[in-house]
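Okay, so here's the structure we're looking at.
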Ligand code: PLP
């Protein structure tokens, strides 16, 4: 490895012009001891090259969207063709219909779709639509689930399961946070309590049906069924935030994921999408039942618009990405590699006496430095952040690029190979050994 001198120089310069030196706080190294983040200059397949000519194996996958690896030729070609035909029209295009149909076919509860530019926008609008439809104000969310950075969902739990929220960020009025009730994930009793107390004014219950934001966490058996039943009995809508999860584990969303029980019982009224469906370009989408979506302008009274929404470049990249994912065996192959990688990581950590809990769902997994299961946010918080930071830095210095946070997942892509896994495991063995000393 070359010293990361150029990254350090660029970071010093970036700090003078870009707030915090980064365009998203998750890119900073604050959670792993600080210092300059690595400035990358090129990405291809499962690999990155930094500005000091170091090569890395990438498991960040840009926080999820890069499921086919970087610069996949099919997607690159689609983007180039779209760019040659003009990137933004401000008129409808046939491409938008094609991607909408692909989403609808894969996610049966989406009768109607609307494209936006980010997951944040998609989630924000599902809440507005649910409020318009139910004529109620409050939403219930689950602790630790991240739903983008709009005011309403940037709220943490108060003390106890059914307290009203407090803002998680400066700049959010307490009055807005008071419209949010936070309960622990996988806790139907907590949800019941919240609905008993505030139910008359609850427009929607919003959930990451499989969690991707405090590690990868599966719903416990019956959790989604119970959530949907209770929410409907309360006259509220169920909103699934599938910005990370849709098309990640199989070609579709959580509601059709074969690992979960009865699909009809866990279908939401509204779904928010993003990340993978744009093939790496900015995108979001939301959709749901026809009678609910008809609240949206120009049909209904809930206003939502976007200059860039449905732009041909993002839509073309999304279509191309989904086409790659329709290929035979792509998810099975990502899962096979993830099984090998997680088995090797666990064995290596065990060998060096390091407590490690791994949550894996097909080709995605999270590593928690603890000796207990992680099924909710409290468990994920109760893990050794310093150990994670040390592991992160050891791996980075051995050419393995992970997300700089103990809560983020590792993502396999269709571009990773057995050789990448073997190299990663060698790096992990050396890292755990150094950490144990
Ligand atoms: N919802 C979930 C589940 C997410 O993981 C994210 C981003 O990580 C968002 C919403 C926000 O998406 P975006 O960053 O595209 O605004």
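The values are calculated or read from the model by the stated rules, or taken from the named source; none is laboratory data. Please read all numbers here as calculations on a predicted model, not as lab measurements. Using ideal geometry, Cβ is built from the backbone for each residue, glycine included, and neighbour counts are taken over all protein chains shown.
Just a few scattered comments:
- Scanning the range 199-226 for residues that are more than 21 Å from the chain's Cα centre (by Cα), within 22 Å of residue 132 (Cα to Cα) and at pLDDT 95 or above yields a total of 4.
- Filter result for residue 81 (within 18 Å of residue 278 (Cβ to Cβ), touching a strand residue (DSSP E or B) at 6+ places or on another chain (Cβ under 7 Å) and either away from the ligand (no atom under 16 Å from the Cβ) or at pLDDT below 95 (or both)): no
- Filter result for residue 36 (within 16 Å of the ligand (Cβ to nearest atom) and more than 30 Å from residue 316 (Cα to Cα)): no
- Filtered by the rule that a residue be in contact with a strand residue (DSSP E or B) (Cβ under 6 Å, 6 or more places away or on another chain) and either more than 27 Å from residue 320 (Cα to Cα) or in a loop (DSSP other than H, G, I, E, B) (or both), the range 208-217 gives 208, 209, 215, 216, 217.
- Check on residue 259, under 20 Å from the mean Cα position of the chain (by Cα) and more than 16 Å from the ligand (Cβ to nearest atom): yes
- Search result, residues across the range 48-63 that are within 16 Å of the ligand (Cβ to nearest atom) and surrounded by 22 or more Cβ atoms within 10 Å (Cβ to Cβ): 59, 61
- The helices (runs of 4 or more DSSP H) located wholly in the range 327-403 that include 2 or more residues which are in the same structural domain as residue 422 (by TED's automatic domain parsing) and either on the phi > 0 side of the Ramachandran plot or modelled with pLDDT of 95 or more (or both) occupy 330-351, 385-397.
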